[in-house]
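Have a look at the structure below before the remarks.
The numbers here are math on the coordinates, done by the rules we state, and not lab data. Keep in mind that what you see is a predicted model, and the values were worked out from it rather than measured. Cβ: placed from backbone, ideal geometry, glycine included. Neighbour counts: every protein chain shown.
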Amino acid sequence: MVSPAASPLRVIHVGVGGRGRWPLDVLGADPRFESVALVDVAPAALEAARQRTGLPPAACFTSLEEALRAIDADALVICTPTATHATYCRAGFAAGKHVLVEKGMTLSWPEATALVAEAQAAGVCFCVSQNYRYMAEVQTLRALLDGGEYGRPHLIDLIHHRYRPEPRTLNYPFAMVWDMSCHHFDSLVCLFGPVARVTAVTHNAPWSAYAHDAGVSAVLELERGPVCTYELTHQATVSDYRFLVQTERGGLSWRHGRWHFLPKPDRQLGSNPEPVPLENVPVPRSEQGVVDDWYRYITTGEEPGISGRRNLETLAVCEMVVRSATERRPVERGVLGGAGT
């Protein structure tokens with residue numbers, strides 16, 4: 001269903017605390033959108049969002065069903081805990097509303113494929129807010145690789161140690177995968193294409209407050225040939241981030257907010273040359289990129305990489321990691337079916 005662009009798209013915000021604050025700011029400053037209602041189960045978050053937007057008390061609700069009955073709207077923006085995404089998405093589909101949901105789309109592969117099918121049946125434009133792919137880090141690397149100057153990529157290290165000692169809403173099995181790894185996997189899919197095979201294990205540090213494993217280590221084999229060594233932890237005591245792409249001509253390393261090129265050493269086992277800093281591609285705020293593509297999808301029908309259907313490739317990697325870690329064996333993409341690209 002393609003909506004006309006003559007008037008602003010009327011949006012109900014579902015979840016307005018935490019990550020739910022960015023849509024209030026981005027859509028509130030964008031004349032293509034009009035925020036018409038706020039929904040949150042926390043009264044303090046609801047009141048803070050009301051003051052932020054200037055909406056009247058009559059536009060504030062603790063139930064999405066009540067908001068849908070009382071307010072005329074075209075779309076929902078859902079920024080609630082990942083475990084609740086499917087319920088709110090389905091309410092939007094049933095009401096014929098376009099939906100933008102925060103990452104991750106949901107918590108299982110079967111439910112992800114079902115949500116995509118239900119959105120298609122409802123004739124609405126369903127997108128997932130995978131904003132990392134719009135950041136300078138990803139957009140610049142994409143331009144560097146597309147330019148061909150640095151040669152073909154093959155070896156990838158993507159390591160993210162996070163000091164996040166309080167589990168909060170991440171209190172379910174494989175929460176780190178569905179809530180955070182989905183960002184990393186989406187960036188990899190955006191840059192290098194689908195993942196063909198995953199071998200993964202999960203782990204938990206002795207000092208961890210998490211009831212379930214809060215770390216994952218994996219080898220991701222991509223369809224086009226590159227291989228990625230991947231690590232995510234929420235139980236780290238020192239935060240650290242490493243993204244290194246080794247190509248046939250050297251290495252591209254993300255450090256201090258920009259990419260650097262490290263040419264090959266001049267001899268076997270020689271010292272690495274001094275890294276050469278590279279300029280970032282200028283990009284808008286990453287969430288603005290999400291909103292721009294969602295709006296274009298709604299008004300023109302042009303399907304973006306963050307559409308629910310295309311996001312299935314990202315969710316497929318999450319599912320393969322979960323299955324591999326659970327079954328203690330490699331898992332192939334082909335066993336899942338339902339290609340998203």
Net charge over other residues, Cβ less than 12 angstrom from the Cβ of residue 126 (K, R count +1; D, E count -1) | +2
Give me 160, 13 ranked fewest to most by other Cβ atoms within 10 Å of their Cβ, as a rough exposure proxy.
-> 160, 13
What helix-only [θ] at 222 nm does the chain give? Using -39500 (n - 2.57) per DSSP H run of at least 4, over all residues, to the nearest 500, the answer is -10000 deg cm²/dmol
Helix 85-94 axis, angle to the chain major axis (alpha carbon atoms, nearest 10°) | 50
Could you work out how far helix 308-327 tilts from the main Cα principal axis of the chain, as a 0 to 90 degree angle to the nearest 10?
-> 60
What FRET efficiency would be calculated for the residue pair residue 62, residue 274, taking the C-beta separation as r and a Förster radius of 51 Å, to the nearest 0.05?
-> 0.35
Could I have the simple spin-label model distance between residue 51 and residue 121, label points 7 Å from Cα toward Cβ, reported in nm to one decimal?
-> 4.4
Contact order relative to length of the chain, as percent, for alpha carbon pairs under 8 angstrom and 6 or more apart | 18
If amide H atoms are modeled at 1.01 Å from N in the peptide plane, then the residues at a separation of 5 or more from residue 255, or on another chain, having amide H under 5 Å from its own are 260
So how do 303-313, 273-283 stack up, highest first, on mean other-Cβ count within 10 Å?
-> 303-313, 273-283
Pull out a ≥ b ≥ c, the square roots of the eigenvalues of the alpha-carbon gyration tensor of region 85-219, then state rounded if a/c is under 1.5, prolate if not and a/b is larger than b/c, and oblate in the remaining case.
-> oblate
Integer Hz, Karplus 6.51/-1.76/1.60 couplings in order for region 155-171, x for Gly and Pro = 9, 10, 10, 10, 10, 9, 9, 10, 8, 9, x, 9, x, 6, 7, 8, 10
Would you list 157, 186 from fewest to most Cβ contacts within 10 Å?
-> 157, 186
For a footprinting-style exposure proxy, rank 103, 264 by other Cβ within 10 Å, fewest first.
-> 264, 103
Of all DSSP beta bridges having both residues in region 152-232, the percent classed as antiparallel (nearest 5) is 70
Check: C-alpha center region 39-93 vs C-alpha center region 176-249, spacing in Å is 33
Label-to-label distance, nm, for residues given as residue 163 and residue 114 (7 Å Cα→Cβ offset) = 4.1
Compute the signed sum of charges (Lys and Arg +1, Asp and Glu -1) over the other residues within less than 15 Å, Cβ to Cβ, of residue 250.
-> 0
Could you tell me whether region 3-48 comes out rounded, prolate or oblate from its Cα gyration tensor? Rule is a ≥ b ≥ c as square roots of the eigenvalues, rounded for a/c under 1.5, then prolate if a/b exceeds b/c, otherwise oblate.
-> prolate
Measuring from label point to label point, each 7 Å out along Cα→Cβ, what is the residue 154 to residue 332 span in nm?
-> 2.4
Would you mind classifying region 221-275 by shape? Square roots of the alpha carbon gyration tensor eigenvalues, ordered a ≥ b ≥ c; an a/c under 1.5 is rounded, otherwise it is prolate if a/b is larger than b/c and oblate if not.
-> oblate
Share of antiparallel DSSP beta bridges in the chain, in percent to the nearest 5?
-> 60
